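K.L.:
Sharing a structure with you now.
The values are calculated or read from the model by the stated rules, or taken from the named source; none is laboratory data. All figures in this text were calculated on a predicted structure; none of them were measured in a lab. Don't worry about glycine lacking a Cβ; one is built from the backbone with ideal geometry, like all the others, and counts go over all protein chains shown. Side chains are part of the model used for accessible areas, which takes the heavy atoms of the whole protein and leaves out ligands, DNA and RNA. Shrake-Rupley method; radii C 1.70, N 1.55, O 1.52, S 1.80 Å.
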Amino acid sequence: MHAPYTGAVTAIRSPRHAAAHHAADSLTLETLPRRRSATVGSIEWARLASPEARRLRELGFDEGVAIEVLHRSRLGGGPIACRIGRMTVALRRAVARAISVSPDPLPAE
Amino acid sequence: MELPPLVAMVGNPNAGKSALFNALTGARQKVGNYPGVTVERHSGRLALDDGRPVELVDLPGAYSLDPASPDERVTRDVVTGAQAGERLPDALLVVIDASNLDNHLRFAMQLIALGLPVVVALNMVDLAERDGLVLDPAVLERELGVPVVPTVAVRRRGIDLLRGQLTALVGGSPAAVGLRRLRASDGSVDDDIVTLQRRARAIAAAATVSETPVRRWNHMLDSVALHPLFGPVLLVALLFVMFQAVFSWSEAPIGWIEGAFAAAEAWLKGVLPDGFLRSLLTDGVIAGVGAVVVFLPQILILFLFILVLEASGYMVRAAFLMDRLMAQVGLSGRAFIPLLSSFACAVPGIMATRTIEDEKDRLTTILIAPLMTCSARLPVYTIIIGAFIPARQVLPFVGLQGLVLFALYLLGIVGAFVAALLLRRTVTKGESSGFMMEMPKYQMPRLRDVGLGLWSRTEIFLKRAGTTIALTTVVLWALLSFPQAPAGQKQVEYSIGGRIASGLEVIVRPIGFNHDIALALIPTMAAREIAVAAIGTAYAIDDTEDASGAKSLVDHLRGRWSLPTALAFLMWFVFAPQCISTIAVTRRETNGWRWPLFMIGYLFAAAYVMAGITYWLAVAAGL
């Protein structure tokens, strides 16, 4: 009997919690604003299927690498094109979600 | 005779390997197959500075020595000497993209660690320079311990230097070998990709003299090509232009080919007495082969577009745009490239599915590839559309005939999507494999590379027309010519072929097909374009009884077929799996008969049902 009640509370709390969390330090490649240069923080390899994880490594995804989102379809669902090093790579959102990034400080104006 | 030394070209995809291969070997190339796999083996001859010949083999592009696809497996097996039917190379020519050192150096380091003599081609240095990237090859040479030659394959820059290094390498010049040995025993090379990658980045940073941010014009092109709204519009427009061009650009060359065949026929009729041999040559060989060769211009225009889209880098953008749509039927954007190639021919299309890593994804793509309207259907579509659809303009620059052709292509695509949706829920059930792809820089396609690609397609097509198709039409001619019909009987119905067709006619009568079509369907099992040749041959034989003499194929069709029959015939060809080569390549790629048989079954069922529906709807509509 308690289960639905608890669920409702979680449902209300979790988006706020997530938003606060993201705003702080763990933006992912999925949510990184377009054309904002950033650095790859950590990659949750465990969330990825093993061929995907390997291909991601082979394409040079690693901690400390410069990254930038170039294109993302507005309606959601479509893949993301990002620049990593001097290369452009397309990947799906589920993968982008596993890559946390920290935006570089904006140049002072 | 002793074999010449073997040099293998290896590198990442998009390193410009093929252009360098073309620059080194020119037209002296051979395309074969590795035994047991359908991976193409591209090889060519190259004369060294001292005149000795070297065999150069261009291996499939790979990201590492840990293969993810059959293509990459061949690359690994050749460089490690494990590939059946290939010797261990005497040296490796490692090709890296100068503007993507971070990534390409890592694979180069793995290859150097194998211990074979290596020369590195630092390719596309012009693009890197334009990109604001100044590199110091001497630093790379020192860090890698192998000779590094800056090249611009498409402008033939650095080719002589590269050949000089290869001469030293396979000749065992002490200087070159010494340089290599210095570093080969370094021991610091680790197999772990991340570690190697970090070392590659450090070397790249050391070799970079100066650098400006990545070129913006590439991104500017992408902001149009990948735009959520303009991107898809551009893609559809490109495809539409491509299919209109297939029709409008080919008119003149088709006229020349028809003229040549007509002249050959007239000449033969002049020099040969009326009889068996003359009938065999004119009605069998010339009518049959001519009916097919005439479509070479259209097929080449289609391949031209596909080669240019691929070489320019646009193809991967198209895959990016299509990923969302493909995901909805359980496929990935990656499937778009093999499917688009299948518009030219399903055989290279099915072979191109090897880049799809997930087995179920790959199988689904193979099964729906024959639904893409291949160039072999063009002869059939063209002749029927030409005979039955009026050449009217419906909009400025848009003809009704072109529109009908576009609709047929669209129908194939819709059919493929419906099939994929059903297959992914039944026989190829499973998780989708996702989509991850490097997007190469945009590049101006090189006339020479596109030309070589077109030439090899022409060769394959003419070889087919000269062998399979010629033989099939001659057999058909024989079946239709014997036994001779007595006076008052129709030759096409009295002959052996005619009697077989009469049996088949019972089955296809309900979907509106007549005796001629039943007859054409038999040899058409070998290849679709034979349908035209078969009908051409049948009417040519029948023509001899006709007092009026030579009537064109189109006139014959108009006189004998109703519009509903013609439409049903078009619909049949959208679905029917009539191509021995496709079935054979499916068997090879899926390791057995199970999937090709499944493919034949479901496609014939679809063809029969759809042709039937079309016929009866058209009849009901009073067409």
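K.L.:
Please average, across the residues of B:99-111, the number of beta carbons from any other chain that are within 10 Å of each residue's own beta carbon, and give a whole number. Let's see the in-between values first.
P.N.:
Values: counts 3, 4, 2, 7, 8, 2, 0, 3, 1, 0, 0, 0, 0.
Neighbouring Cβ atoms belonging to other protein chains average 2 per residue here.
K.L.:
Considering only DSSP beta bridges whose two residues both sit in chain B, what percent are antiparallel, to the nearest 5? Walk me through the numbers on the way to the answer.
P.N.:
Values: 18 of 36 bridges.
Expressed as a percentage, antiparallel bridges in chain B total about 50.
K.L.:
I would also like to ask the following. Which whole-number percent is the relative contact order of the stretch B:120-174 (Cα, under 8 Å, 6+ apart)?
P.N.:
37
K.L.:
Express the relative contact order of the stretch B:402-550 as a whole percentage, based on alpha carbon pairs under 8 Å and six or more residues apart in sequence.
P.N.:
It comes to 16 percent, rounded to a whole number.
K.L.:
Would you mind checking which residues have amide H under 5 Å from A:MET87's amide H? H placed 1.01 Å from N; only 5 or more apart, or other chain.
P.N.:
Here the answer is none, since no amide H 5 or more places off falls under 5 Å of that of A:MET87.
K.L.:
Contact order normalised by length for the stretch B:68-123, with contacts defined as Cα pairs under 8 Å and 6 or more residues apart; what percent is it?
P.N.:
34
K.L.:
Quick one: grab the alpha carbon gyration tensor of the stretch B:308-453, order the square roots of its eigenvalues as a ≥ b ≥ c, and give me rounded if a/c is under 1.5, else prolate or oblate depending on whether a/b is larger than b/c.
P.N.:
Since a/c reaches 1.5 but b/c is at least a/b, the shape of the stretch B:308-453 is classed as oblate.
K.L.:
Same structure again: What do you get for the angle between helix B:580-590 and the principal long axis of chain B? Use alpha-carbon atoms, 0 to 90 degrees, nearest ten.
P.N.:
Between helix and principal axis, roughly 40 degrees.
K.L.:
For a quick check: with amide H placed at 1.01 Å from N, whose amide H comes under 5 Å from A:VAL101's, ignoring anything fewer than 5 positions away on the same chain?
P.N.:
A:LEU27, A:THR28, A:LEU29, A:GLY41
K.L.:
What is the Cα centroid distance between the stretch B:230-267 and the stretch B:281-324, reported in whole angstrom?
P.N.:
So the two Cα centres are separated by 10 Å.
K.L.:
When the Karplus curve 6.51 cos²θ - 1.76 cosθ + 1.60 is applied with θ = phi - 60°, which whole-Hz ³J(HN,Hα) does each residue of the stretch B:113-125 get, with x for Gly and Pro?
P.N.:
Per residue, the Karplus-derived 3J(HN,Hα) values read 5, 5, x, 6, x, 10, 10, 9, 9, 7, 8, 6, 5 Hz.
K.L.:
Heavy atoms only, probe 1.4 Å: what % of the accessible area of chain B goes to carbon and sulfur, would you let me know?
P.N.:
Solvent-exposed carbon and sulfur of chain B make up 64 percent of the total.
K.L.:
Which length gain, in nm to one decimal place, applies between B:MET525 and B:LEU454 when the Cα-Cα distance is subtracted from 0.36 nm times their residue separation? Provide the component values of the computation, followed by the final result.
P.N.:
Values: separation 71, 0.36 × 71 = 25.56 nm, distance 2.64 nm.
Length difference between fully extended and current span is 22.9 nm.
K.L.:
To continue, here is another question. Output wanted: per-residue J couplings in Hz (rounded whole) for the stretch A:80-95, from phi through Karplus 6.51 cos²θ - 1.76 cosθ + 1.60, θ = phi - 60°, x for Gly and Pro.
P.N.:
With coefficients 6.51, -1.76 and 1.60, one gets 10, 9, 10, 9, 10, x, 10, 10, 9, 10, 9, 8, 7, 4, 4, 6 Hz.
K.L.:
Which angle from 0 to 90°, rounded to the nearest 10, does the C-alpha axis of helix B:216-225 make with the longest principal axis of chain B?
P.N.:
30
K.L.:
Quick one: go through the stretch B:250-283 and flag any residue whose amide nitrogen is under 19 Å from the point 7 Å out along the Cα-to-Cβ line of B:ALA485.
P.N.:
B:275-276, B:279-280, B:283
K.L.:
Quick one: which residues, 5+ away or cross-chain, put their amide H under 5 Å from the amide H of B:SER495? H built at 1.01 Å from N.
P.N.:
Amide H neighbours of B:SER495, under 5 Å, 5+ apart: none.
K.L.:
Averaged per residue, what accessible surface does the protein assembly as shown expose to a 1.4 Å probe, in Å²? It would help to have the intermediate numbers written out before the result.
P.N.:
Values: 31510 Å² over 732 residues.
I get 43 Å² per residue for this part.
K.L.:
May I ask you to order B:573-584, B:591-602 by the average number of other C-beta atoms within 10 Å around their residues, highest value first?
P.N.:
Sorting B:573-584, B:591-602 by mean packing, highest first, produces B:573-584, B:591-602.
K.L.:
Classify the stretch B:474-623: rounded, prolate or oblate, from the alpha-carbon gyration tensor (a ≥ b ≥ c, eigenvalue square roots; a/c under 1.5 rounded; otherwise prolate if a/b is larger than b/c)?
P.N.:
oblate
K.L.:
Roughly how crowded by other chains is peptide B:222-228, in terms of the mean Cβ count from those chains within 10 Å of each of its Cβ atoms?
P.N.:
The shielding value for this peptide is 4.
K.L.:
Does the stretch B:394-463 come out rounded, prolate or oblate, given a ≥ b ≥ c as the square roots of the eigenvalues of its C-alpha gyration tensor, rounded meaning a/c under 1.5 and, failing that, prolate meaning a/b above b/c? Before the final figure, lay out each step's value.
P.N.:
Numbers: a/c = 1.84, a/b = 1.19, b/c = 1.55.
Here the stretch B:394-463 falls in the oblate category.
K.L.:
In addition: Provide the per-residue ³J(HN,Hα) series for the stretch B:327-337, in order, calculated from phi with Karplus coefficients 6.51, -1.76, 1.60 and θ = phi - 60°, each as a whole number of Hz, with x at glycine and proline positions.
P.N.:
Once θ is set to phi - 60°, the couplings for the stretch B:327-337 become 4, 5, 9, x, 10, 10, x, 4, 5, 5, 5 Hz.
K.L.:
What does the charge dipole of the protein assembly as shown about its Cα centre add up to, to the nearest 20 debye, if the Cβ of each Lys and Arg holds +1 and the Cβ of each Asp and Glu holds -1?
P.N.:
That gives the protein assembly as shown a dipole magnitude of about 1060 debye.
K.L.:
Please compute, for peptide A:47-60, the average count of beta-carbon atoms on other protein chains lying within 10 Å of each residue's beta-carbon.
P.N.:
So the per-residue partner count for this stretch is 5.
K.L.:
Relative to the longest principal axis of the C-alpha atoms of chain B, give the angle of the C-alpha long axis of helix B:359-368, reported between 0 and 90° and rounded to the nearest 10°.
P.N.:
For B:359-368 against chain B, the angle is about 30 degrees.
K.L.:
Taking only DSSP H segments of four or more residues, each worth -39500 (n - 2.57), what value at 222 nm results for chain B once the sum is divided by all its residues, to the nearest 500 deg cm²/dmol?
P.N.:
Dividing the helical sum by the residues of chain B leaves -18500 deg cm²/dmol.
K.L.:
Mind ordering B:323-333, B:196-206 by average Cβ neighbours within 10 Å, highest first?
P.N.:
The densest-packed peptide leads the list: B:323-333, B:196-206.
K.L.:
Please give the net charge around B:ALA501, taking every other residue with its beta carbon less than 9 angstrom from that of B:ALA501, where Lys and Arg add +1 and Asp and Glu add -1.
P.N.:
With Lys, Arg at +1 and Asp, Glu at -1, the net is -2.
K.L.:
B:ILE535: net charge of surrounding residues, Cβ under 10 Å, Lys/Arg +1, Asp/Glu -1, itself excluded?
P.N.:
Surrounding charge for B:ILE535 is 0.
K.L.:
Quick one: if the Förster radius is 30 Å, what FRET efficiency do B:PHE240 and B:ARG156 give, using the C-beta to C-beta distance and rounding to 0.05?
P.N.:
Efficiency, rounded to the nearest 0.05: 0.25.
K.L.:
Starting with the highest mean, order B:378-387, B:102-111 by the number of other Cβ atoms within 10 Å, averaged over the residues of each peptide.
P.N.:
Ranking, from highest mean packing down: B:102-111, B:378-387.
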